[in-house]
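Heads up, the thing below is written out as structure tokens.
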Amino acid sequence: MTGNGSSYTIIVSGSVTDPVTIYLDGVTLTDSSITSNSSAELTVNVLSDSSISSTSANAIEAAGALTITSGTGSSLTLSSTEKHAIKADSVTVDSVTLDLTSEAKDGINATTAVTIKNAIVNITATDDGIQVEDETDVNSGDLTITDSTVTINATDKGITVTDELTIEGNSKVTVVAGDEGLEGRYINLTGGTVDITAGDDGINATEWTTKDSADTSSLTNSTSDLEK
């Protein structure tokens, strides 16, 4: 895809079973979105700087795995005034500059995992910067940041996951959050630098299933899993 446009909805049908790649080459889309209803992987390959903004939907949404990458080091700007900038089952951000804005919800909202590697990610969000939440499995809902620069300004939580949050390699993570800065069952800081300004806890390692407000009705884990 190349060029400019407005009011487009690009849809991958749920009947598609093979992986799909969409190439963005200098694309500017307003009041538009990309949605994959397929469980097959969706890859967005950014050939040159591009942007997608939506006034009613998630800017990019995938029912399955979503990968955003660039072999040219280009940037992708995504924004939504009503929903998440990105929503998917899992998200991989690889070797790309990603600028995300959500005026209503999260910058990245995923269910099972988010992986950020060799990337630059800037997020401004009215809700959470990055949320990875799987209410069916306590061992799912992970975030790994490797050799990347991540800057988050969030009204609610900076990063919140239901399992493991790992920052490693030569990473630089800066979080300004109205609530928790970093939150997860396990927080693994093995490399890089982390700078947090938070309205509540800077780092909160917590077992979410024990909270009074936790909805554990969908959990498929055994008692031993919960005690790990």
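The values are calculated or read from the model by the stated rules, or taken from the named source; none is laboratory data. Worth saying up front: this structure is predicted, and the values here are computed from it rather than measured. Virtual Cβ from ideal backbone geometry, glycine too; neighbours counted across all protein chains shown.
Things worth noting here:
- For the residues D49, D99, D18, D94, the requirement of being more than 17 Å from V121 (Cα to Cα) and of a type in the set (D, E) singles out D18.
- Check on D89, acidic (D, E) and closer than 30 Å to T17 by Cβ: yes
- A single entry from D156, D134, D127 fulfils the requirement of being at pLDDT below 95 and over 20 Å from V96 (Cα atoms): D134.
- Restricting attention to segment 49-68, the residues that are hydroxyl-bearing (S, T, Y), outside any loop (DSSP other than H, G, I, E, B) and under 15 Å from T35 (Cβ atoms) total 2.
- L182 within 15 Å of D106 (Cα to Cα), of a type outside the set (K, R) and crowded, with 24+ Cβ neighbours inside 10 Å: yes
- Note on segment 183-199: residues that are assigned to a strand (DSSP E or B) and free of Cβ contacts under 8 Å to residues at least 40 places away in the same chain total 10.
- Condition met for D25 (within 24 Å of S95 (Cβ to Cβ), loosely packed, with under 15 Cβ neighbours inside 10 Å, at pLDDT 95 or above and among the charged types (D, E, K, R)): no
- Among the residues of segment 150-171, those that are closer than 15 Å to T190 by Cα and in a loop (DSSP other than H, G, I, E, B) comprise G169, N170, S171.
- In segment 62-91, the residues that are within 24 Å of T112 (Cα to Cα) and surrounded by fewer than 23 Cβ atoms within 10 Å (Cβ to Cβ): A63, G64, A65, T67, T69, T77, S79, E82, K83, D89, S90
- From the list N153, N122, the lone residue that is under 12 Å from the mean Cα position of the chain (by Cα) and either surrounded by fewer than 24 Cβ atoms within 10 Å (Cβ to Cβ) or on the phi > 0 side of the Ramachandran plot (or both) is N122.
- Qualifying residue in segment 81-104 (condition: among the hydroxyl-bearing types (S, T, Y) and closer than 13 Å to V150 by Cα): yes
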